[in-house]
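Engineer: Sharing a structure, written as structure tokens. Questions coming.
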Protein chains: 2
Amino acid sequence: MEQDQIPSQKPGHPPVQSALLETRTAENSAAHLLPKLQSMKESKPGLRLLDVGAGPGTISVGFAKLLPDGHVTGIDVNPRVLPRARAVAEIAGVTNIEFQEGSVHKLPFADETFDVTYCHQVLTHVGNPWDALREMLRVTKRGGVVAAREGDYETECVWPDVPELSKTHSLIAALMRAGGGTSTAGRQLLSWALRAGIERSRITVSSSTWLYATPSDRRIWAQGMCDPLRKGSLRDKALQSGLATEDNFEDMAKAWEAWAEIEDATMAMMHGEILVQK
Amino acid sequence: MEQDQIPSQKPGHPPVQSALLETRTAENSAAHLLPKLQSMKESKPGLRLLDVGAGPGTISVGFAKLLPDGHVTGIDVNPRVLPRARAVAEIAGVTNIEFQEGSVHKLPFADETFDVTYCHQVLTHVGNPWDALREMLRVTKRGGVVAAREGDYETECVWPDVPELSKTHSLIAALMRAGGGTSTAGRQLLSWALRAGIERSRITVSSSTWLYATPSDRRIWAQGMCDPLRKGSLRDKALQSGLATEDNFEDMAKAWEAWAEIEDATMAMMHGEILVQK
């Protein structure tokens, strides 16, 4: 991963909410789309791109840099992330971008608005991902593309094999399922695209990984685990549903902090990817 | 994967023993080494490379093509695979290569013989992989590199989730463990390299995937599962150890054949990689 690319914190800007989410870049989280984006840009520099579930906007900003004559719209269902996304764009000096509230279930755009519609770690959280894909296709122009990349959380490999870390995995996977999502999205993307009615010949399937194996990368991953264990909606949901207790959370968080300092520790996860030609 | 690159069968040549193994190329199975190989070649065109556990030789032959002024030695602990490896080289028109019998536990070469020493899917099968890495380091020149890529079989994602396919996975994982190996090699490579006494600063860790998602690729993967279920040492060992019965094997093989024909079926697996600078 490329932790050096995390946007800096500046006075007057909304604070970093998740350093882990801000390590996501167009290069490390949308590599399967970039060659296609490059070839589309050559024939049409003013591409319009939609990033669904943009979060803190680091991937969207990466797209905007790659499309200096184009325009990027980032949407997120959670309006509280939007100020930080706008700050990330400002820090990067990117102006061909806007962020607004919006859900993948009902995208606030007319049919055939965008040349490229993209999402990352969105379909894994929704109940009918084929409907979400259909909605992404709806707002995409004919001749445009829809691209998605989703983690396959069940492939998460954490070494060494510490029980408290496995418990975190089980807890998060259970919460994903309880929320109507799945922890095996990566392997199901092709299946979902076919169920959305897309012809097989229009779908390119690929896969790639995230890896955290250096001290600085491990600390970012560990922090990304500790933060939601210590406060926030994941913790609240787990408590409400009886999946964990207060003590469990602190034990898990401490285990992640210890893991980050182990010299041979690594975390890797496989992601599934699709690229759909409309 | 790149099934088009399987060497063809020619009259008078030893037959293909495993089409699945022959889909392995330097490009799809040693991508983490290739940029380093390229830069080393630029300053020293006559590089000597050792491929440990070469099997049918397709990866070794790929290296030999990339090193037209260099020389590749492929070794395998099983001498019965060597005629096919030599045929693969002949079919490719590659002459700067030789294959011989040899074990990673005691490599039949003097200290500091090779510029590059590589292995793929070898350490996952041995009991003390750190000793094997030390042996690979021994035969590597100072300033040279040791590279390894090992599957992490527990990340195998097969979709759809058919019980007979999961049984095959459990059987193969159990046999790997029974044979002294592990089904989680990919995530342990850094740990093993450190245990071999290599300084962390000399180790680059990476990860990549194999994906089978098209009909032709799926048939190759399924055939690669069916063949050892229907005859050979895997089947014999499973019967001897009581891990499976005759009926089990045929049920599993038929499930793989059916799986290959399902339109939304996919198989992906994560691999761990290390590149060590000696």
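Engineer: May I ask you to derive the FRET efficiency for residue A:254 and residue A:142 from their Cβ-Cβ distance with R0 = 45 Å, giving the value to the nearest 0.05?
Structural biologist: Taking R0 as 45 Å, the efficiency between residue A:254 and residue A:142 is 0.25.
Engineer: A further question follows. Any idea how many Lys pairs in the range A:132-278 come in under 28 angstrom at the alpha carbon, given 8 or more places apart or on separate chains?
Structural biologist: 6
Engineer: How far is residue B:250 from the same spot in each other copy, in nm, shortest first, if each label point sits 7 Å from Cα toward Cβ?
Structural biologist: Values, ascending and in nm: 6.1.
Engineer: Which longest run of chain B has no exposed loop site in it, a site being GluC sites (Glu not before Pro) in a DSSP loop with at most 11 other beta carbons within 10 Å, and the site itself not part of the run?
Structural biologist: The answer is B:3-198.
Engineer: Give the nm distances, rounded to one decimal, from residue B:45 to the matching residue in every other copy, measuring between label points 7 Å along Cα toward the beta carbon; shortest first.
Structural biologist: 4.2
Engineer: Right, here's the next one. Heavy-atom accessible area per residue, chain B, 1.4 Å probe: how many Å²?
Structural biologist: 41
Engineer: Additional query: Before we go on, tell me the buried accessible area for the B/A pair, both chains summed, 1.4 Å probe, in Å² to the nearest 100.
Structural biologist: 2200
Engineer: Continuing with the same structure: What average count of beta carbons from other chains do you get within 10 Å of the Cβ of residues in B:181-187?
Structural biologist: 3
Engineer: Given R₀ = 60 Å, FRET efficiency for residue A:239-residue B:95 by Cβ-Cβ distance, to 0.05?
Structural biologist: According to the calculation, E is roughly 0.30.
Engineer: Residue by residue through B:267-273, how many Cβ atoms from other chains fall within 10 Å of the Cβ on average?
Structural biologist: 5
Engineer: Could you please report the charge total around residue A:69, scoring K, R as +1 and D, E as -1 over all other residues with beta-carbon less than 15 angstrom from its beta-carbon?
Structural biologist: Around residue A:69, the charge tally is +2.
Engineer: Net charge near residue A:162, counting Lys/Arg +1 and Asp/Glu -1 over other residues with Cβ under 12 Å of its Cβ?
Structural biologist: So the surrounding residues net to -2.
Engineer: Going by alpha carbons, how many degrees (0 to 90, nearest 10) lie between the helix axis of B:163-178 and the longest principal axis of chain B?
Structural biologist: Helix B:163-178 sits at roughly 40 degrees to that axis.
Engineer: Hey, another quick one. Before anything else, pin down the relative contact order of the range A:16-277: Cα pairs under 8 Å, at least 6 apart, normalised by residue count, whole percent.
Structural biologist: 20
Engineer: Got the residue B:79 label distances to the other copies yet, label 7 Å along Cα→Cβ, in nm, shortest first?
Structural biologist: Ordered by distance, the counterparts are at 7.7 nm.
Engineer: Next up: Calculate, for residue A:178 and residue B:169, the FRET efficiency according to 1/(1 + (r/R0)^6) with r their C-beta to C-beta distance and R0 30 Å; round to the nearest 0.05.
Structural biologist: The pair residue A:178/residue B:169 has a calculated efficiency of 0.65.
Engineer: Carbon and sulfur atoms: what percent of the 1.4 Å accessible area of the protein assembly as shown do they account for? Write out the running numbers ahead of the final one.
Structural biologist: Working: 11800 of 22750 Å².
Result for the protein assembly as shown: 52 percent of the exposed heavy-atom area is carbon or sulfur.
Engineer: So, one more: Please report the antiparallel percentage of DSSP beta bridges with both residues in the protein assembly as shown, rounded to the nearest 5.
Structural biologist: 50
The values are calculated or read from the model by the stated rules, or taken from the named source; none is laboratory data. Everything numeric in this text was worked out from a predicted model, so none of it was measured. Glycine also receives a Cβ, built like all others from the backbone with ideal geometry; neighbour counts cover every protein chain displayed. For accessibility, only protein heavy atoms count, side chains too; no ligands or nucleic acids. Shrake-Rupley method; radii C 1.70, N 1.55, O 1.52, S 1.80 Å.
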